[in-house]
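The values are calculated or read from the model by the stated rules, or taken from the named source; none is laboratory data. Small disclaimer: the values here were computed from a predicted structure and weren't measured. Cβ placement follows ideal geometry from the backbone for every residue including glycine, while neighbour counts extend to all protein chains displayed. Protein only, heavy atoms only, side chains kept; ligands, DNA and RNA dropped before computing areas. Shrake-Rupley method; radii C 1.70, N 1.55, O 1.52, S 1.80 Å.
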Amino acid sequence: MKSTKHFDVVIVGAGFAGMYMLHKSRELGLTARVYEAGGGVGGTWYWNRYPGARCDIESMQYSYSFSEELQQEWDWSERYAAQPELLSYANHVADRFGLRSDIQFDTRIDRAEFDGSRGIWRVATSVGDAVTARFVILATGVLSSAQLPMIKGIDSFAGDIYHTARWPHEPVDFTGRRVGLIGTGSSGVQATPVIAGQADHLTVFQRTANFSLPARNAKLTDQQRQEIRSNYPEIRRFAREQSRTGVYVPLPDRGALDDSEQTRRAKYEAQWERGGLGFLSLYNDLLRNRASNDTAAEFVREKIAEIVEDERTAKLLQPTTHPLGAKRICVDTDYFATFNRPNVSLVDIRANPIEEIGPDGVRTTEGDHKIDVLVFATGFDAITGSVLKIDIRGRDGQRLQEKWADGPRTYLGLMSAGFPNLFIITGPGSPAGLTNAIVSIEQHVEWIGDCLSHLKAHDITTIEAGREAEDEWVALVNEVASKTLYPLADSWFMGANIPGKPRVFLPFVESVARYRQICLDVAEQGYRGFVTNGARQVRKAAAT
Ligand code: NA7
């Protein structure tokens, strides 16, 4: 049996959040150990290796800002980095800051239990390590728990099955194969054109038509990189302190209906040409006012009709079930045009659901589709999935799975009452999921880092969310979501993509800037709403 090691901080996950948290912990003079299920760093970008995988935020903004040297030295090659480049960047960061020596790969955290008498966490790993730590920090990611639907007969399929979020490390060759792709979220939308370019035939099984905007991806020139770099102080400041979603994009000063139809159209047209997610930032009410949203949604539907030649296919690809942006918008390269290829077909599994998968294909209520390779682009048990996979037991043995059975309960998305010294990066109740993830990650890591320094400076042993503050926060998260159009979609923001998952709006819809300010105010007011315990009190409790 292995001996028990002790660390100040145990960090779960070595994606962008875990890596920066490790770096920050070291800066604070804390001993830290990261446990990572994968064989390398990078999180999302380690696992999601599917063809076409690419970031939907511009690379020069979807990158760390905490190190001036790092942001000046790294050359992003394209407007939107592809997965291999993002993974190289993650590896570069790990090497540059010497992180690997404190990361244990191929290791899951199975269980974490709070020992109230000693004020420490006992952590058990999948490879038999027993570790204790004062703090456990979950850097488990928003979209990391892959969802493979349990479709009848799936085990009988004779061909290869892949999930976009568990893609093999070796390239998959689709040449001469009949490929079936299930799922038309960002992953399916990105993979479709690439697979179609290789496969003998691609059948896309669509349950919900999604809004997708052209990326207009392109190589970055030296001059473009230089311009952005020299403007970094303002770009980063804006993203943190002023932006809605952590992206440097002008803030709208009017609603869509405040402009004439002609002006509005011209703005939509110009944004369509610019490409990318900036669409939702054209007006300040696109996610609040259905009539405003309809103008943008209709514009995108028209574009789809213009691109897709077959009328029936175009109709099927036009999203009608939800407002634009109520599900995360996809950003694509030639997605809709791919359906003009003779080797691509679209199957509507909303009208004709999949009944069964057999050895040689997929049977829908409408008929059989012969398939050699099945690709599941069916998404994730988002935001809470990877947290709740760990058996977490807080004060008096309370299980987090039980506490969150009707939906997650946190204060600021950062801590949950009854689970002292357990922090969550990009947790439920924070804006993460709706934002530029790296901006949210940096904000959380820095807030947690400041909090750990505060505890040390004041000889405080434990901190946890107060029940009342948590209740108020959960109510606020629900209230602000209910004033938007988000709840009108069956999205992963709502937990609606996972059978049996409680339907609760998971992220905090307010802007990145406002949320950051709330977190800063809470800290400045002596961690208002949190309950802390002094070193002496804990020692006394242990003695009784
Ligand atoms: P998403 O966006 O959750 O998309 C998953 C897709 O898979 C979506 O079209 C789903 O349809 C479909 N799906 C899920 N389960 C099923 C079943 N059982 N049968 C048929 N179709 C199904 O995941 P992605 O990986 O594409 O993207 C996740 C995020 O990564 C994205 O938002 C970006 O932020 C980056 P549905 O819409 O639920 O009807």
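Against the longest principal axis of the chain, how steep is helix 290-307, in degrees 0 to 90 to the nearest 10, with axes from Cα atoms?
The angle comes out near 50 degrees.
Less than 17 Å apart at the alpha-carbon level, and either on another chain or at least 8 residues along: which lysines does that give for Lys315?
Here the lysines satisfying the reach criterion relative to Lys315 are Lys303.
Taking only C-alpha pairs under 8 Å that are 6+ residues apart, what is the relative contact order of the chain in percent? Can you show the working numbers first?
Numbers: 1117 pairs, mean separation 106.6, N = 544.
Normalised by residue count, the contact order of the chain is 20 percent.
Ignoring ligands and nucleic acids, what accessible area does Ser101 show with a 1.4 Å probe (Å², nearest 10)?
Estimated to the nearest 10 Å², Ser101 gives 80 Å².
For the range 433-526, what is Rg from Cα atoms divided by 2.2 N^0.38 Å, rounded to two decimals?
Details: Rg = 15.6 Å, N = 94, 2.2 N^0.38 = 12.4 Å.
This ratio for the range 433-526 stands at 1.26.
Please work out how much accessible surface Lys5 shows to a 1.4 Å probe, ignoring ligands, DNA and RNA, in Å² rounded to 10.
The accessible area of Lys5 comes to roughly 90 Å².
Mind checking which lysines have their C-alpha under 28 Å from Lys456, skipping anything on the same chain fewer than 8 residues away?
By straight Cα distance, Lys456 reaches Lys5, Lys24, Lys540.
Using only C-alpha positions, report the orientation-averaged shadow area of the convex hull of the range 321-477, nm², one decimal.
Dividing the Cα hull surface by four gives the mean projection, 14.1 nm².
For the pair Asp368 and Gln517, how long in nm is the line joining their label points, each one 7 Å along Cα→Cβ?
A separation of 6.3 nm, rounded to one decimal place.
With everything on Cα atoms, drop me the angle between helix 437-457 and the longest principal axis of the chain, reported from 0 to 90° to the nearest 10.
The two axes meet at around 0 degrees.
What nm distance separates the two modelled labels at Glu402 and Asn478, each placed 7 Å from Cα along Cα→Cβ?
It is 2.2 nm.
Report the calculated FRET efficiency for Ala351 and Arg274 (r = Cβ-Cβ distance, R0 = 35 Å), to the nearest 0.05. It would help to have the intermediate numbers written out before the result.
On the way: r = 35 Å, r/R0 = 0.99.
After rounding, the FRET efficiency stands at 0.50.
Working from Cα positions, state the angle (0 to 90°, nearest 10) between the long axis of helix 186-196 and the longest principal axis of the chain.
Long axis of 186-196 versus the principal axis of the chain: about 40 degrees.
From the P(r) of the range 249-309, can you give the percent of Cα pairs sitting at distances over 13 Å?
Details: 1099 of 1830 pairs.
Beyond 13 Å sits 60 percent of the P(r) for the range 249-309.
What figure, in Å² to the nearest 10, do you get for the accessible area of Glu464 with a 1.4 Å probe and non-protein molecules left out?
20 Å²
Quick one: length gained pulling Ser101 to Asn343 fully straight, 0.36 nm per residue minus the C-alpha distance?
82.3 nm
Give the percent of DSSP beta bridges with both residues in the chain that are antiparallel, rounded to the nearest 5.
40 percent
At 222 nm, what helix-only mean residue ellipticity would the chain give, in deg cm²/dmol to the nearest 500, using -39500 (n - 2.57) for each DSSP H run of four or more?
-9500 deg cm²/dmol
Considering every Cα-Cα pair within the chain, what fraction, in whole percent, is farther apart than 36 Å?
34 percent
Could you pull out every one of the aspartates and glutamates with an alpha carbon less than 13 Å from that of Lys389, ignoring same-chain neighbours closer than 8 positions?
Here the aspartates and glutamates satisfying the reach criterion relative to Lys389 are Asp110, Asp381, Glu402.
Using Stokes-Einstein with the Kirkwood hydrodynamic radius over Cα pairs, what translational diffusion coefficient do you get for the range 87-236 at 10 °C and a viscosity of 1.306 mPa s, in µm²/s rounded to a whole number?
My calculation gives 77 µm²/s for D.
Counting other Cβ atoms within 10 Å, keep those with at most 16, restrict to DSSP loop, and tell me which chymotrypsin sites (Phe, Trp or Tyr not before Pro) in the range 289-339 are left.
Counting only loop positions with at most 16 other Cβ atoms within 10 Å, none of the chymotrypsin sites (Phe, Trp or Tyr not before Pro) in the range 289-339 qualifies.
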